[in-house]
Amino acid sequence: MIYVLNGPNLGRLGTREPEIYGTTTFADLERLCLETGAALGVEVEVRQTDAEHEMLRWLHAAADEGADVVLNPAAWSHYNIAIRDAASMLRGRLVEVHISNIHTREEFRHHSVISAVATGVIAGLGIDGYRLALQHLAPLAGKG
Ligand code: DQA
């Protein structure tokens with residue numbers, strides 16, 4: 001199982017600042033991830049929450065399972081140490097994904113507190129970043 005976990009406001013994709021995040025909806029993103037998983041022969045579960053405690057619970061469960069995670073921490077990337085601590089408990093691999101290129105945007109988005117505990121980071125490639133993350137993880141998913 002690979003978990004694709006999304007933080008606050010990402011459920012609003014499609015209508016949220018389309019000039020930055022595109023017009024793809026969260027349902028489209030979910031479909032892309034599920035289709036990519038099916039094509040690669042791995043089970044994928046896609047979730048989104050605006051609630052910190054829910055994201056923490058999902059990360060704890062992924063840690064217990066030793067599962068790989070694709071995480072878009074959204075705004076939490078830039079300040080949330082509890083999410084960072086939970087991310088660093090993961091025993092599987094962690095790919096941090098940002099739809100936009102956080103480095104070309106406002107200064108407060110340039111630093112992610114998650115990146116130092118991620119296996120790798122993809123930013124600025126739109127929702128294609130999720131597909132690329134899954135392609136990277138799939139061959140070894142559940143084998144580590
Ligand atoms: C984001 C970038 C963050 O700065 C922002 O707060 C988001 C989305 C992205 O996917 O580009 O909510 O993580």
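The values are calculated or read from the model by the stated rules, or taken from the named source; none is laboratory data. Computed from a prediction, not measured in an experiment: that's the story for all the values here. Don't worry about glycine lacking a Cβ; one is built from the backbone with ideal geometry, like all the others, and counts go over all protein chains shown. Protein only, heavy atoms only, side chains kept; ligands, DNA and RNA dropped before computing areas. Shrake-Rupley method; radii C 1.70, N 1.55, O 1.52, S 1.80 Å.
Inclusion of Ala63 among residues that are under 21 Å from Cys33 (Cα atoms), within 10 Å of the ligand (Cβ to nearest atom) and either polar (S, T, N, Q) or open to solvent by less than 40 Å² (accessible area, probe 1.4 Å) (or both) is not warranted. Only a single criterion out of (1) within 12 Å of the ligand (Cβ to nearest atom); (2) among the charged types (D, E, K, R); (3) over 12 Å from the mean Cα position of the chain (by Cα) is not satisfied by Glu96, namely (3). Among the residues of region 1-29, the one identified as assigned to a helix (DSSP H, G or I) and away from the ligand (no atom under 15 Å from the Cβ) is Ala27. In summary, Ala74 fulfils each of the numbered conditions (1) open to solvent by 40 Å² or more (accessible area, probe 1.4 Å); (2) near the ligand (Cβ under 10 Å from one of its atoms) with the single exception of condition (1).
Take the conditions (1) within 14 Å of the ligand (Cβ to nearest atom); (2) buried (at least 18 other Cβ atoms within 10 Å of the Cβ); (3) over 13 Å from Gly126 (Cα atoms); Thr36 misses just one of them, which is (1). Do we find that Ile114 is open to solvent by 30 Å² or more (accessible area, probe 1.4 Å) and aliphatic (A, V, I, L, M) in this structure? When the stated conditions are applied, Ile114 does not pass them.
Quick grid of which residues meet (1) over 13 Å from the mean Cα position of the chain (by Cα); (2) over 22 Å from Ala118 (Cβ atoms):
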position: Leu13; (1), (2): yes, no
position: Arg31; (1), (2): yes, yes
position: Glu45; (1), (2): no, no
position: Glu52; (1), (2): yes, no
position: Ala67; (1), (2): yes, no
position: Ala74; (1), (2): no, no
position: Met89; (1), (2): yes, no
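Cβ separations smaller than 9 Å between residues 6+ apart or across chains give the following pairs from region 4-32 residues that are on the phi > 0 side of the Ramachandran plot to residues that are part of a helix (DSSP H, G or I) and near the ligand (Cβ under 8 Å from one of its atoms): Asn9/Ala74; Asn9/Ala75; Gly14/Tyr21.
Per-residue answers, yes or no, for (1) out of contact with any strand residue (DSSP E or B) (no Cβ under 8 Å at 6 or more places or on another chain); (2) not polar (S, T, N, Q):
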residue	(1), (2)
Gln48	no, no
Val70	no, yes
Ala87	no, yes
His110	yes, yes
